[in-house]
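Peer 1: To start, I am sharing the structure in question, which I have written as structure tokens.
A short reminder: the numbers here are calculations on the coordinates, not readings from a lab. It should be emphasised that the depicted structure is a prediction, and the values quoted were computed from it without experimental measurement. Note: ideal-geometry Cβ built from the backbone for every residue, glycine included; neighbour counts use all protein chains shown.
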Amino acid sequence: MSELPNVDAIRRLLLQLLDRAVVLNRAPAPMKLGPKSWVATYVADSGTLAYAIAVDVGFIATVGAALSMVPPAVAQEGAKGKLTETLVLNAQEVLNVLGLLFNELQDGTVHVRLERLVEVEKDPKVLERVPPGKSRIDLAATVAGYPTSGVMTILAVA
Amino acid sequence: MKILIVDDSKAMRMIVQRTLRQAGITGHDVTEASDGREALDRLRSESFDVVMSDWNMPTMSGIELLTAVREANVDVTFGFVTSEGSPAMRLIAAEAGAKFFIAKPFTADAFATALRPVFGG
């Protein structure tokens, strides 16, 4: 499961889901995970960790707001660290749907689903479960109508 | 008709309602439940015509809900609105009695096409 979804597929999915233009570019540098990072883990039906997506607070704020048209000002406050429960739950749903791309890569041989989304500060051990990975892609994301932006790192773990 | 939307994401429940309107499926009585257990409790106490359910939810998944609904002989048209879009999952859903299957992310056109047999039009 070392294959990663391509950037266009991710962009298309986000555009459809958020119903807004999404710009995704390769991040200029690999994302450094810290206490304020968030990690979404994806497991196979066997329970084996297959993929992870690490995101920063800006990503949570931006896509979390865009999903249900939360005002941009709330996203801006979220990106500063004042994340509301709605922003986090919405971002979790976006990351849940992104799991679809992992399943498309498996061609029906392995089924993967979102296990959980957790802030590293709340569960530092999540970093032990997410090694550098076989392959990774670092992306910077912006969503039309929102002044905030975020970064995401997709890791193939298994 | 009475529609029960089941999804653990409040935002997604709202988006499903909005997409129903965009698909021209309006004038119905819509109720929400945040997981399979809550939905089953509602279905046991109240009559619905259509259930639109997510698949992966805490407490009780969509497929567990569908199985429980059939075991309880609840007469309702049941379908999925889910990120589980693989052919294998569609087959499991159909064999369990699901009448429609809409993959996230969806469009109003996808809703209109999948739900035409249910709502007519």
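Peer 1: Determine Rg/Rh for chain B; Rg is computed over alpha-carbon atoms and Rh is the Kirkwood hydrodynamic estimate from the same atoms.
Peer 2: 0.92
Peer 1: 7 Å from Cα along Cα→Cβ at both B:Lys2 and B:Leu91: what's the point-to-point distance in nm?
Peer 2: So the two model labels end up 3.6 nm from each other.
Peer 1: Given a cut-off of under 8 Å on Cα pairs at least six residues apart, what relative contact order in percent is computed for segment A:80-158?
Peer 2: Here the relative contact order equals 20 percent.
Peer 1: What is the mean number of Cβ atoms from other protein chains located within 10 Å of the Cβ atom of each residue in peptide A:138-151, rounded to a whole number?
Peer 2: Averaged over the peptide's residues, the number is 0.
Peer 1: Same structure again: In degrees from 0 to 90, rounded to the nearest 10, what is the angle of the helix A:7-18 Cα long axis to the longest principal axis of chain A?
Peer 2: Roughly 50 degrees between the two axes.
Peer 1: If you take the Cα atoms of the protein assembly as shown, find Rg, then find the Kirkwood Rh from the mean of 1/r over all pairs, what is Rg/Rh?
Peer 2: In the protein assembly as shown, Rg relative to Rh is 0.97.
Peer 1: Once label points are set 7 Å from the Cα along Cα→Cβ at both A:Lys80 and B:Thr31, what is their separation, rounded to one decimal in nm?
Peer 2: Spacing of the two 7 Å Cα→Cβ label points: 4.3 nm.
Peer 1: Evaluate the charge dipole of the protein assembly as shown about its Cα centre and quote only its size in Debye, nearest 20, assuming +1 on the Cβ of each Lys and Arg and -1 on the Cβ of each Asp and Glu.
Peer 2: Charge dipole, the protein assembly as shown, about its Cα centre: 660 debye, nearest 20.
Peer 1: Taking the Cβ-Cβ separation of B:Thr113 and A:Gln106 as r and a Förster radius of 25 Å, what is the calculated FRET efficiency to the nearest 0.05?
Peer 2: 0.40
Peer 1: Now a separate question. In deg cm²/dmol, rounded to 500, what helix-only [θ] at 222 nm does the protein assembly as shown give when every DSSP H run of at least 4 residues adds -39500 (n - 2.57) and the total is split over its residues?
Peer 2: -12000 deg cm²/dmol
Peer 1: Taking only Cα atoms, what is the 0 to 90° angle, nearest 10, from helix A:57-67's long axis to the longest principal axis of chain A?
Peer 2: Orientation of helix A:57-67: about 80 degrees from the principal axis.
Peer 1: Another question, then. How long are the semi-axes of the equivalent ellipsoid of chain A, taking √(5λ) for every eigenvalue λ of the Cα gyration tensor, in whole Å from largest down?
Peer 2: Value: 23, 17, 14 Å, ordered largest first.
Peer 1: Also, I was wondering about something else. Relative contact order, percent, of chain A when contacts are C-alpha pairs under 8 Å separated by at least 6 residues?
Peer 2: The normalised contact order for chain A reaches 38 percent.
Peer 1: Specify the inter-centroid distance of segment A:32-46 and segment A:79-158, based on alpha-carbon positions, in whole Å.
Peer 2: 6
Peer 1: Can I ask one more? So, how do all the Cα-to-Cα distances of segment B:50-121 break down into 10 Å bins, in percent, from 0 on up?
Peer 2: Each 10 Å bin holds this share of Cα pairs: 21, 55, 24, 1.
Peer 1: Here's a follow-up. Just list whichever of A:Lys32/B:Lys10; A:Lys122/B:Lys10; B:Lys10/B:Lys104; A:Lys82/B:Lys104 have alpha carbons separated by over 20 Å in the model shown.
Peer 2: Table pairs above 20 Å Cα-Cα are A:Lys32/B:Lys10; A:Lys122/B:Lys10; A:Lys82/B:Lys104.
Peer 1: Taking the Cα centre of segment A:66-143 as the origin, how large is its charge dipole in debye, to the nearest 20, when only Lys and Arg (+1) and Asp and Glu (-1) carry charge on their Cβ atoms?
Peer 2: With only Lys, Arg, Asp and Glu charged at Cβ, the dipole is about 140 debye.
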